[in-house]
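Read through the structure below, which is laid out as structure tokens, and then see the notes.
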Amino acid sequence: MPTNKPGIHHVTAIGGDPQQNIDFYTQVLGLRLVKKTVNHDDPSTYHLYFGDDAGHPGTNFTFFPWPNGRSGQIGTGQAQTTAFLIPQDAIGYWTNRFDEHDVAFDAPTTRFDETVISFRDPDGLELELVAHPETPDGDPWQDDPVPTDNAIRGFHGVTLALEGYEQTASLLEEEMGFAFDRDDDGRRFRYRSDGDVGFAIDLLCQPTRDRGRTGVGTVHHVAFRVESEAQQQQWREALIDRGLNVTPVIDRVYFQSVYFREPGGVLFEIATEGPGFTVDEEHDELGTTLTLPPWLEDERQAIESRLPELNASDQ
């Protein structure tokens with residue numbers, strides 16, 4: 001197995017109204033809409049990618065918006081919370097910003113020597129801002145409504161809700177290169193990768209909680225980074241040897257992917273770092289047009305007729 005495991009590649013969630021989704025993540029959280037495409041497995045649905053200025057791996061929060069979809073239920077077998085990384089001295093800025101934009105949030109708390117602000121997006125998705133002393137400079141969106149000094153730098157990590165943690169922990173340590181960091185009273189267990197963003201996976205034991213149900217306001221899957229297709233193949237073989245069911249490699253245009261469910265039921269993806277989002281749009285034009293994979297171009301007219309119009313003029 002490769003020894004360098006940089007951490008999270010992207011997180012994909014289910015949203016509701018796509019325009020509301022764009023407005024919140026670009027104009028409130030200050031992420032750039034770097035790609036507007038469709039769900040390759042259901043072209044009647046948008047797939048929206050939000051990230052830093054270039055959509056680097058480790059910064060991309062992506063959504064399948066279901067405008068008339070039912071609400072999901074957060075529970076075990078899911079990524080319960082997605083956390084973003086912010087500079088250590090940006091807490092005051094963000095509490096003021098949330099007040100100005102009428103975003104409900106919990107008072108900052110301390111967890112593992114980090115300051116955390118918990119809040120939800122308009123669809124009820126559980127989110128956090130985590131102030132960390134080693135936050136990288138990153139590559140914030142150049143037209144970000146949030147000042148660069150306070151901007152989100154990418155992911156801090158995710159919290160997985162599980163009945164028990166041992167089998168998932170074993171997978172993270174033995175196959176995926178994460179190392180145990182610390183625990184909180186035997187209930188929350190943190191594992192870390194080598195990366196400077198998307199490095200934290202918290203396993204939260206909730207044995208009496210109901211099983212989660214996919215729907216609006218829940219995370220669909222968590223993707224992890226590999227540098228190359230060769231490394232991805234090594235991961236795939238190691239996961240199969242462990243007894244997990246892993247998909248063949250699937251072409252997602254901007255990266256190559258394989259998928260599997262970890263022992264606790266959370267859907268994981270292993271995604272390559274390239275080729276990236278500029279394969280079909282120039283950097284300055286990212287997110288401004290509806291891009292389709294080559295195999296769907298012949299259906300463009302029909303696909304566009306089924307999708308709601310979106311206003312992303314601030315891009």
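Structure data summary
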item: At most 13 other Cβ within 10 Å, DSSP loop - trypsin sites (Lys or Arg not before Pro), the stretch 9-103; result: R70
item: Compactness index (Cα Rg / 2.2 N^0.38 Å), the stretch 167-210; result: 1.19
item: Alpha-carbon gyration tensor eigenvalues x 5, square-rooted, for the stretch 1-60, Å; result: 23, 16, 9
item: Rough spin-label spacing in nm, given labels placed 7 Å along Cα→Cβ, for R70 and H283; result: 4.6 nm
item: Cβ-derived FRET efficiency at R0 22 Å, E100 paired with D143, nearest 0.05; result: 0.70
item: Whole-number D in µm² s⁻¹ for the stretch 15-102, Kirkwood Cα-pair radius fed into Stokes-Einstein, 4 °C, 1.567 mPa s; result: 88 µm²/s
item: Accessible surface of the chain, 1.4 Å probe, proportion on carbon and sulfur as whole %; result: 41 percent
item: Contact order normalised by residue count of the chain, Cα under 8 Å, 6+ apart, percent; result: 25 percent
item: Descending Cα extents along the principal axes, the chain, whole Å; result: 52, 47, 36
item: Of all DSSP beta bridges in the chain, antiparallel share, percent nearest 5; result: 65 percent
item: Stokes-Einstein D for the stretch 213-291, Kirkwood Rh over Cα pairs, 4 °C, 1.567 mPa s (µm²/s); result: 92 µm²/s
item: Zero-based 5 Å bins, Cα pair distances in the stretch 48-186, whole percents; result: 2, 8, 15, 20, 21, 17, 11, 5, 1, 0
item: Point-charge dipole on Cβ atoms (K/R +1, D/E -1) for the stretch 1-72, about Cα centre, debye to 20; result: 120 debye
item: Cleavage-rule hits (trypsin sites (Lys or Arg not before Pro)) in the stretch 108-216: DSSP loop, at most 13 neighbouring Cβ within 10 angstrom; result: R187
item: Longest to shortest principal axis, alpha-carbon extents of the stretch 155-280, angstrom; result: 46, 32, 30
item: Directionally averaged shadow of the stretch 261-315, computed from the convex hull of its alpha-carbon atoms, nm²; result: 6.4 nm²
item: Simple Cβ-charge dipole of the stretch 138-258, Lys/Arg +1 and Asp/Glu -1, about Cα centre, in debye nearest 20; result: 460 debye
item: Test item: Cα-centred dipole of the chain, Lys/Arg +1 and Asp/Glu -1 on Cβ, debye; result: 1060 debye
item: Restricting the stretch 50-143 to GluC sites (Glu not before Pro) in coil, as DSSP defines it, with at most 12 other Cβ within 10 Å; result: E134
item: Mean shadow area of the stretch 125-199 over all directions, Cα convex hull, nm²; result: 6.5 nm²
item: Rounded accessible area per residue of the stretch 174-242, 1.4 Å, Å²; result: 47 Å²
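The values are calculated or read from the model by the stated rules, or taken from the named source; none is laboratory data. Everything quoted here is computed from the prediction, not taken from an experiment. Using ideal geometry, Cβ is built from the backbone for each residue, glycine included, and neighbour counts are taken over all protein chains shown. These area figures cover heavy atoms from the full protein model, side chains too; ligands, DNA and RNA do not enter into them. Shrake-Rupley method; radii C 1.70, N 1.55, O 1.52, S 1.80 Å.
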